[in-house]
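Chemist: The structure under discussion is supplied below as structure tokens; questions concerning it will follow.
Bear in mind that the values in this text are calculations on the coordinates, not laboratory data. The shown structure was predicted, so the numbers you read here are calculated from the model rather than taken from an experiment. When we count neighbours, we look across all protein chains shown, and the Cβ atoms used for this are built from the backbone with ideal geometry, even at glycine.
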4 protein chains.
Amino acid sequence: MRTLNVAMIGTGFMGKAHALAYAGLPAFYWPPPAMPVRKIVVDRTEALAATGRDRFGFEQFSTDWAAVVQDPQIDIVDICTPNDSHAEIAIAAAAAGKHIMCEKPLARSAPEAKRMLDAVAGKNLTHMVAFNYRHTPAVVFARKLIEEGRIGTLLNFHGHYLSDWPADPATPLSWRFQKSVAGSGTIGDIGSHVLDMARYLVGEIEAVNAIVQTYIAERPEQTGEFDKLGSAERRPEGPRRPVDVDDEATFLLRFAGGAVGSIDASRNAYGRGNYLGFELHGTTGSIIFNFERMNELKVFFADDPPELRGFRTIMTGPPHPHGEALWPVAGLGVGYLDVKIVECHGLISAIAEGRQASPNFADGYRIALICDAILASGQRRGWVEVGA
Amino acid sequence: MRTLNVAMIGTGFMGKAHALAYAGLPAFYWPPPAMPVRKIVVDRTEALAATGRDRFGFEQFSTDWAAVVQDPQIDIVDICTPNDSHAEIAIAAAAAGKHIMCEKPLARSAPEAKRMLDAVAGKNLTHMVAFNYRHTPAVVFARKLIEEGRIGTLLNFHGHYLSDWPADPATPLSWRFQKSVAGSGTIGDIGSHVLDMARYLVGEIEAVNAIVQTYIAERPEQTGEFDKLGSAERRPEGPRRPVDVDDEATFLLRFAGGAVGSIDASRNAYGRGNYLGFELHGTTGSIIFNFERMNELKVFFADDPPELRGFRTIMTGPPHPHGEALWPVAGLGVGYLDVKIVECHGLISAIAEGRQASPNFADGYRIALICDAILASGQRRGWVEVGA
Amino acid sequence: MRTLNVAMIGTGFMGKAHALAYAGLPAFYWPPPAMPVRKIVVDRTEALAATGRDRFGFEQFSTDWAAVVQDPQIDIVDICTPNDSHAEIAIAAAAAGKHIMCEKPLARSAPEAKRMLDAVAGKNLTHMVAFNYRHTPAVVFARKLIEEGRIGTLLNFHGHYLSDWPADPATPLSWRFQKSVAGSGTIGDIGSHVLDMARYLVGEIEAVNAIVQTYIAERPEQTGEFDKLGSAERRPEGPRRPVDVDDEATFLLRFAGGAVGSIDASRNAYGRGNYLGFELHGTTGSIIFNFERMNELKVFFADDPPELRGFRTIMTGPPHPHGEALWPVAGLGVGYLDVKIVECHGLISAIAEGRQASPNFADGYRIALICDAILASGQRRGWVEVGA
Amino acid sequence: MRTLNVAMIGTGFMGKAHALAYAGLPAFYWPPPAMPVRKIVVDRTEALAATGRDRFGFEQFSTDWAAVVQDPQIDIVDICTPNDSHAEIAIAAAAAGKHIMCEKPLARSAPEAKRMLDAVAGKNLTHMVAFNYRHTPAVVFARKLIEEGRIGTLLNFHGHYLSDWPADPATPLSWRFQKSVAGSGTIGDIGSHVLDMARYLVGEIEAVNAIVQTYIAERPEQTGEFDKLGSAERRPEGPRRPVDVDDEATFLLRFAGGAVGSIDASRNAYGRGNYLGFELHGTTGSIIFNFERMNELKVFFADDPPELRGFRTIMTGPPHPHGEALWPVAGLGVGYLDVKIVECHGLISAIAEGRQASPNFADGYRIALICDAILASGQRRGWVEVGA
């Protein structure tokens, strides 16, 4: 069996998720398309990197990502760092001919993403951007229903990604609240996920029209090495520094195919932990999804007899996409980690088959263009064509 | 006990609801603020009017609304007709010094609504517009929580009113699909309800930014006297005529108080029968409501201890607004009719106390201004200040 | 149009509901099978009876039920009193040849119910017992699906009726907690409703096996004329008297058709206001219902394609039983009152058509037998055949 | 860091879950209490065992479990085989002084479980039985609330474990439908899980009273090596053999602490994939849980102000048990695998700390006694004291 040696850069929340996905891949998909080997892990300090090796089951560790991406034994460079280093690492990895997995958003801005896309263009390598939520079995199944025409012509899409771990002004100022590192706030961090889902399900987005706000203008400094998101200790008395990214974005969408839509993305939505989802309607049916209940897809078929029409709550399981690989009973419970394993399968199978992954850097760039358009629309207060 | 003689104009869906509300008022609120008497009912033909009398428990009937509104024995004129006759009847009733209940939207356009508001201005009469959904006990309770400061400063409001009885292109062309009668489509018919709720809970709306569409451009002619809404027979083979109003509207909102928002209103949302509701977030809490589960209000308090935080599904009952008047156990089930009775109580108690009702023609006019701004925004493709 | 003169005995919670049902009948069902006339209302004192007349729209009032049931102008005697007077009034009404509507449970015990059944036997009169919840459109539709064979052979039924207004030991000792008036506690008051639903949907119950408890052994005395249920003022400091009925009953069921089941009935279920419902499974499908969301029926069809199987949440509306009579859009919201109107239609149409109503005294007697068997099973600790 | 060498017997569904749990442990809990090493995996054939090694990340493989449990390098014997080999392997492992993880139910009968418990008694070894669902963070949190007294004195517990992958009579006859291998059907396979949860939350169960049925009396033979549960190909035309275990069990419970309860366990519940859960009520609150929405716990506190009372849907996350170890945002989604990792942590930390695990063989034996009592009650038709 072909093996693929992975170098993973970054050992925070995403490093944990990616490492476990490589570990879980063969258990779920057997035989696997290729066998990923957790070869080397990289972080900024020896202590962090050595811990990463032991904790996440890698063979080696390093503090020198630049050397690692040149290492001939490495097949895949997996970028789990904050946004401001994505481009540099990815471009170096591309130059070294490595396959690349990059966390989302691809970059801090569309021009930066474009440089990354240019770096991989024409190279014989597979690249992927980690918009993981589209790999949820229920979402893959939603796309299948749409492709089969069961929903008809799509008319509208209403998406949301609401969260509340940052809603407390005492949540510390991690890199996610700093424009120089993150590029944007709500828009790139969570809005990008629901935009990816919108494109995946409905098609290309042509124009946006946005309200963009920053309600919480300063936060206490972060302590410790890692962004701990909702696990971070709230520090109401800590010294504060300014937030220079958005925390609230609501926008209208026009899709190339004629559908219209809206998306609400917020870091100020108390009670919504990770409320990513959508409701979409077509001429013959409707679909509703919410990642907080990721094992369920609600589907309505207009051609059911009138008295029997109702949203079906379909619990994904063996009959659904990736169902054979996951668990043998619907309702056993796919979680976040399972979705990362499905995503990992997408990467590894693309490499094994010598083809491009999905979503890849072209998708990541397109999302970056949309995010930039949203920011511009918020400033200009009006419709902005994407990429214009 | 003071009695108030009602003349009701129109015996369709709304006539049924209003007549039952008058009948139910004293059973729910005892003693009632005043006793409404179903004195005379009006419709276009003798047959319709006579049936209205017998069916809805009125003492008399008439086909001459103009005479009826002059009748000295009448205290209240209740307008349950399609939108194009609201202004004429209301202005005549105001001239005759009658209290007025008018179905929503108040008029087909803001200028028309303004004429109605002018007609009642300075007169010693109570007027009300039937944005009934705000009278749902759960919604009144939501407002109470907001007024008490439990939700903090409001940051965002996301509303929806999705319906599907018109989603089938074979649903006949009732007056609701004709601009000359209805004024607008989705916007005035259902969007106005959620706009009323937004104003009621969050405050004044300053500017809107909309997508407005008409997906279903023609429909079969209606047969029969009445608009039967979702009960109408679908006539896929019937002769078709053009629809000249919108059926899909999605829009951004800016509130005077600083909050932002979005509303999705659609007649193309298969699976959503009467899906009116909202989710709103403030600095210390959140509220979610959906009229299809009108007995429930979901409330989140950020000041609950972290491990005990969660949306509370509060089932309205005796401890909540109007709870003593309705049913003695939460979960017994308030329905559409109960909400109309609460609304009726709002009208009758305002008259009995010699004060203005809420919402009244001033609210109806303001909603008409917002609806006109949404239509204008859809055409101009950009932000429109309300009333500008 | 034929009219039917109603004499209603009792002006509490049930009097309110019944009076409004008569008032609403023609508005919902037009033309009505016959026109009920609220002729005379009876209560214990002049003040109560006179208030009943004015509040509930009757023509006359009386304090002498015995005289009223003899009154030749009366067609229907409607018994809305506590359980201990059902038999006496009903037997007198039957002797006078009146049609009878009787609140549930029919009597305090099976022998008492048997006397009532004997009294109406062979008389040319229509009788009904007010197990109103089976008239919920969603429940009627559930029965239709079962009758059409869509669920296959029924295998199991799990019912519940959980409530919490009595869960506070400070809830006053109304007649519902006194054996001499009520007969039993949870079993007859709420258990009987879910037993009626079980019989309606699954068929006859042959044997029961129960746990019966009384957790709250004393309560403060009630003040005021009426049992106010969940609206009653809690009186933690009030003088207490013993409760001599059950407040918790859990039991197994064997149905004549071979299905098995269980029912949980409790007055100690904090958070459950009026949580009456069931889940049933057959060889080709399943149904779930909960009255707190009475507009929804969840149905699963095993013959749907595997990937499209899921519980459909069907929102009842125009296509469903009584849908044409109720409201013209699904989701507008049927409430408790609407269900009482449907029930009233069942009574009036049975009388108009000269046939027996459903459920009638024979059903009420059978339920009484089951309730007595449950009580006996709780004492004997084992299976008890119903009626043995 | 101390390492613990694991020998895992069995490479089916449970082998996959256990192997991934060992792999994931250090990523979630860092530093781990000890580092489990996937040393050797055993299955019946070389091919199966070798595949197990590669697929699940073990160092070695074997087909001789008896030799492996004697292997001095092994610290933990993990039994993932069907029920009929649990006792033999566990007793041998105990004799060899190994720590033991055993899948549930512990044995096919109480006497068999007793032999296993006797084998570990007095030995200095940690043993655990894999009633994994109690390790769901929401369930651990439920127990914490109960222990803190937030729910008061517990009054009733209503549990359920409904499933539908066996509801189709064409689902093949795996070992789960054979008494000689499984011991019982629904009762031991799924009923045992909800009984474990009942004991965990409410306390010891003293007596049971059951209906036990077998609706599907024969099934087509299984093809292939493994029981594939819901993934198994349905074989409506396959040759059939008799089922000699139950598929439907409904029973009443009496708890030692005075609470009462009922449990519905069924393999005939179309639409319920893995519907394990409960509703429990106490004198000051209530809790509802359903594993199909395992990230949510519904909690009601009677001491909330009346107008603010409602079930809180608490989404488990960082503030809850194991929250720091799992994912940094509530709603990211704990799945089945995460629960197995928490369970694994329970085992490894008990061994590391030289103490007994929970639940252990004593719990497994007690559950076996209850299961035997349920079977006996179903036959005798009446109450059976547990262990009598």
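Chemist: Distance between the C-alpha centers of the stretch A:23-92 and the stretch D:314-336? Whole Å please.
Modeler: One Cα centre to the other: 25 Å.
Chemist: List, in order, the whole-Hz ³J(HN,Hα) value for each residue of the stretch C:53-67 obtained from phi through the Karplus relation with A = 6.51, B = -1.76, C = 1.60 and θ = phi - 60°; use x for Gly and Pro.
Modeler: Taking θ as phi minus 60°, the curve returns 4, 5, 6, 10, x, 8, 7, 9, 9, 7, 10, 10, 5, 5, 6 Hz for the stretch C:53-67.
Chemist: When the label point is put 7 Å from the Cα of residue A:284 along its Cα-to-beta-carbon vector, which residues of the stretch C:283-324 have a backbone N closer than 16 Å?
Modeler: C:305, C:308
Chemist: Shortest first, in nm, what separates the label point of residue A:218 from those of the same position in the other copies (7 Å along Cα→Cβ)?
Modeler: The answer, with the shortest distance listed first, is 6.3, 6.5, 8.1 nm.
Chemist: Would you calculate the separation in nanometres between label points at residue B:304 and residue B:59, each defined as 7 Å from the Cα along the Cα-to-beta-carbon direction?
Modeler: 5.3 nm
Chemist: Could you list B:53, D:309 in order of exposure, starting from the residue whose Cβ has the fewest other Cβ atoms within 10 Å?
Modeler: The most exposed by this proxy come first: B:53, D:309.
Chemist: For the stretch A:111-159 and the stretch B:109-184, write down the distance between their C-alpha centroids in whole Å.
Modeler: Measuring centre to centre over Cα atoms gives 39 Å.
Chemist: Be a star and scan the stretch C:34-66 for residues whose amide nitrogen sits under 19 Å from the point 7 Å along the Cα-to-Cβ vector of residue C:2.
Modeler: C:34-39
Chemist: In addition: Which FRET efficiency value, to the nearest 0.05, do you get for residue A:380 and residue B:241 by plugging their Cβ-Cβ distance into 1/(1 + (r/R0)^6) with R0 = 45 Å?
Modeler: It comes out at approximately 0.65.
Chemist: Can I ask one more? Per residue, how big is the convex hull around the C-alpha atoms of the stretch A:105-188? Give it to me in cubic angstrom, could you?
Modeler: So the per-residue Cα hull volume is 168 Å³.
Chemist: Across the protein assembly as shown, what fraction of all alpha-carbon pairs, as a whole percent, falls in each successive 20 Å bin from zero upward?
Modeler: Bins of 20 Å from zero give 9, 35, 37, 17, 3, 0 percent of pairs.
Chemist: Where the centre of each part is set by its Cα atoms, how far does the stretch A:243-289 sit from the stretch D:238-279, in angstrom?
Modeler: Between the Cα centre of the stretch A:243-289 and that of the stretch D:238-279, the gap is 41 Å.
Chemist: Sorted from shortest, what are the nm distances separating the label point of residue D:308 from equivalent points in the other copies, each placed 7 Å from Cα along Cα to C-beta?
Modeler: Relative to the other copies, residue D:308 has label-point distances of 1.0, 4.8, 4.8 nm.
Chemist: Put +1 on the Cβ of every Lys and Arg and -1 on every Asp and Glu Cβ in chain C; which of C:242, C:80, C:200 then has its Cα farthest towards the positive end of the dipole?
Modeler: C:200
Chemist: Residue D:65: net charge of surrounding residues, Cβ under 10 Å, Lys/Arg +1, Asp/Glu -1, itself excluded?
Modeler: Local net charge: -2.
Chemist: Can you give the convex hull volume of the alpha carbon atoms of chain B per residue, in Å³?
Modeler: So the per-residue hull volume is 139 Å³.
Chemist: Let me ask something additional. Which of C:124, C:83, C:360 moves most in a GNM of chain C, Cα contacts under 10 Å?
Modeler: C:124
Chemist: Same structure, new question: When the helices in chain B are scored as -39500 (n - 2.57) per DSSP H run of 4 or longer and the sum is shared across all residues, what 222 nm value do you end up with, to the nearest 500 deg cm²/dmol?
Modeler: Rounded to the nearest 500, it is -9000 deg cm²/dmol.
Chemist: If I model a spin label as a point 7 Å beyond the Cα along the Cα-Cβ vector, how far apart are those points for residue B:121 and residue C:85 in nm?
Modeler: So the two model labels end up 5.8 nm from each other.
Chemist: In nm, what does the list of distances from residue B:70 to its counterparts in the other copies look like, shortest first, when each label sits 7 Å along Cα to Cβ?
Modeler: Label point to label point, same position, other copies: 5.6, 10.0, 11.4 nm.
Chemist: Which percentage, to the nearest 5, of the DSSP beta bridges contained in chain D is antiparallel?
Modeler: Antiparallel: roughly 60 percent of the beta bridges in chain D.
Chemist: Of the residues C:26, C:166, C:242, which exhibits the maximal mean-square fluctuation in a Gaussian network model of chain C defined by a 10 Å Cα contact cut-off?
Modeler: Of C:26, C:166, C:242, the Gaussian network model singles out C:242 as fluctuating most.
Chemist: Can you give the translational diffusion coefficient of the stretch C:3-133 in µm²/s, computed by Stokes-Einstein from the Kirkwood radius over Cα pairs at 4 °C and 1.567 mPa s?
Modeler: Rounded, D is 89 µm²/s.
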